[in-house]
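The values are calculated or read from the model by the stated rules, or taken from the named source; none is laboratory data. Since this is a predicted model, take the numbers as computed values, not measurements. Positions of Cβ are generated from backbone atoms using ideal geometry, with glycine treated the same way; all protein chains shown enter the neighbour counts. We work out accessible area using only protein heavy atoms, side chains counted, and drop any ligands, DNA or RNA first. Shrake-Rupley method; radii C 1.70, N 1.55, O 1.52, S 1.80 Å.
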Amino acid sequence: LQSLDWGLDTTVVYGHKVPDVDAACSSLSYAKLMRALGYNCKAKVSSPINRETQYIAQRFGFDVPELKTDVAAGTRLILTDHSDYAQCVDGAKEAKILQKIDHHVEGDIKDSGIPFVRRELIGSTCNIIYACYNELGVAIDDETAKILLAGLLSDTRNLAKSSTQHEDSVAWLALVTQLKLENEVAEISRQMTEAANNYDDD
């Protein structure tokens, strides 16, 4: 990480367009990790967050990233939870992508063109970031634990989806235990699903 061309301006961390919980929370938690390591990073979203993200952010009490729909040429970017330009913030092709953290198969944003890539086929990008915190020796405070757990709950549907891996279960247990949510997590997950499926105002 120290060898990356960080420059003097803020490096912006974006999840994919039409962000779900994992996209918003992976950008938030990874920007926090980079700041803890001394790098000037800020999370943003390229389009408005969905109802599920609104619900869990209010339930857990964290602020969602601010909305910025495009970036200027040369902006330094970190991408989370996506690997295709169609899902990127507008202007990404003219930006400088420093990192990509993702849990999908490689898309048209090729790993070989980015200085630092962490891509694992597990249930949630937030779980990759959970591992990064532990490997880099950065403590996960309760706010960060809530952000990481939110993404993990959403993308694995509380470990119920077929894409869930053993690593997701390990992270889930650690985060739920830290936050003392053993008796609440199933209900929280159910309410997240209800929020995701609420189209009353559409």
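Scanning the stretch 72-108 for residues that are in a loop (DSSP other than H, G, I, E, B), within 18 Å of Cys41 (Cβ to Cβ) and either modelled with pLDDT under 95 or touching a Lys or Arg at 6+ places or on another chain (Cβ under 9 Å) (or both) yields Gly74, Thr75, His82, Cys88, Val89, Ala95. In the set (1) within 22 Å of Gly151 (Cα to Cα); (2) open to solvent by 40 Å² or more (accessible area, probe 1.4 Å), Ala57 fails one condition alone, (2). Just one residue in the set Glu135, Glu120, Glu66 is more than 20 Å from Asp168 (Cβ to Cβ) and surrounded by fewer than 21 Cβ atoms within 10 Å (Cβ to Cβ); that residue is Glu66.
Being surrounded by 15 or more Cβ atoms within 10 Å (Cβ to Cβ) and closer than 22 Å to Ala131 by Cα: is that true of Thr80 here?
Criteria met by Thr80.
Residues that are open to solvent by 50 Å² or more (accessible area, probe 1.4 Å) and either touching a strand residue (DSSP E or B) at 6+ places or on another chain (Cβ under 6 Å) or touching a residue at least 24 places away in the same chain (Cβ under 8 Å) (or both) within the stretch 95-116 comprise Lys96, Asp108, Pro115, Phe116, listed in sequence order.
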